[in-house]
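Engineer: Here it is: the structure, laid out below.
Every number in this text was worked out from the coordinates using simple rules, so none of it is lab data. Source: prediction; values computed, not measured. We place every Cβ from the backbone using ideal geometry, glycine too, and count neighbours over all the protein chains shown.
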Amino acid sequence: MPSLQQVQDAARAAILPFIVKGLIKDNTVGELIDLKSIAKELNIQIKLDQKLKDLCRIIIEKDSRHPTIYLNPNCDTKTKHTFVAIAIAEYILTPRRVSDPGIYYDLFFLDTIYSQKHNYFMLLSTRLAFPEETIAQLEDHLINTDDFVNNCSYLPQFIRCCVSNSSALFLISNFSELGS
């Protein structure tokens, strides 16, 4: 007989793809997705942390049981936006990994970001930042990539991680809790 936790995990896995797909659709604004709004709807707080030595950390706070993304205030805007997308994807796909002590992201992580473009959390994080249509246009060179990179609030190496033909619904259905 399955435990209560197993039943809850199965129920979560069954409805989560539809919730996330709806969040993406409802928060799409032109060629981008409003990540702050998605974070708010998922009860994820975003804070600057003067003491943070790494670039970003996501953790589920013990007192509130809500996830919090801590950003190093010395990071530029593009780095902050990139890490918010990645951290939200990690939380959606592997919430247990986000539990204490959380997940830390450093400069070495950023150096390897492009090599991880087919990783489950990277595929979802790009979909949390850009609609499928924008990703397809980038990959098919229907959008001038250099102009898009220069005018976008995400790091160039993150934008270049966009890979089409991987829907968020498929990703969440098949990879939720992978690695936890």
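Engineer: How would you rank K47, K80, going from fewest to most other Cβ atoms within 10 Å of each one's own Cβ?
Structural biologist: In increasing order of surrounding Cβ atoms, one gets K47, K80.
Engineer: Rounded, prolate or oblate: pick one for region 20-160, where a ≥ b ≥ c are the square roots of the eigenvalues of its C-alpha gyration tensor, a/c under 1.5 means rounded, and failing that, prolate if a/b is larger than b/c, else oblate.
Structural biologist: It is prolate, given that a/c is not under 1.5 and a/b is the larger ratio.
Engineer: Here is a follow-up. What does the charge dipole of the chain about its Cα centre add up to, to the nearest 20 debye, if the Cβ of each Lys and Arg holds +1 and the Cβ of each Asp and Glu holds -1?
Structural biologist: That gives the chain a dipole magnitude of about 520 debye.
Engineer: Most exposed first by the Cβ proxy, i.e. fewest other Cβ within 10 Å, how do R57, R160 rank?
Structural biologist: Working: R57 23, R160 15.
Taking fewest neighbouring Cβ atoms as first place, the list is R160, R57.
Engineer: Compute the separation of the alpha-carbon centres of region 64-88 and region 103-119 and state it in Å as a whole number.
Structural biologist: 14 Å
Engineer: Still on this model: Tell me, what HN-Hα J-couplings in whole Hz come from the Karplus equation 6.51 cos²θ - 1.76 cosθ + 1.60 at θ = phi - 60° for each residue of region 76-83, using x for Gly and Pro?
Structural biologist: Listing the rounded values in order: 6, 4, 4, 5, 4, 4, 4, 5 Hz.
Engineer: Amide H to amide H, which residues 5 or more places from T94 or on other chains are under 5 Å from it, using H placed in the peptide plane?
Structural biologist: For T94, the qualifying residues are E177.
Engineer: Still on this structure: Give the cross-link partners of K36 among the lysines, using a straight C-alpha distance below 19 Å as the criterion and excluding same-chain residues fewer than 8 apart.
Structural biologist: K21, K25, K47, K78, K80
Engineer: Could you please rank E90, E31, E139, placing first whichever residue has the fewest other Cβ atoms within 10 Å of its Cβ?
Structural biologist: In order of increasing Cβ crowding within 10 Å: E139, E31, E90.
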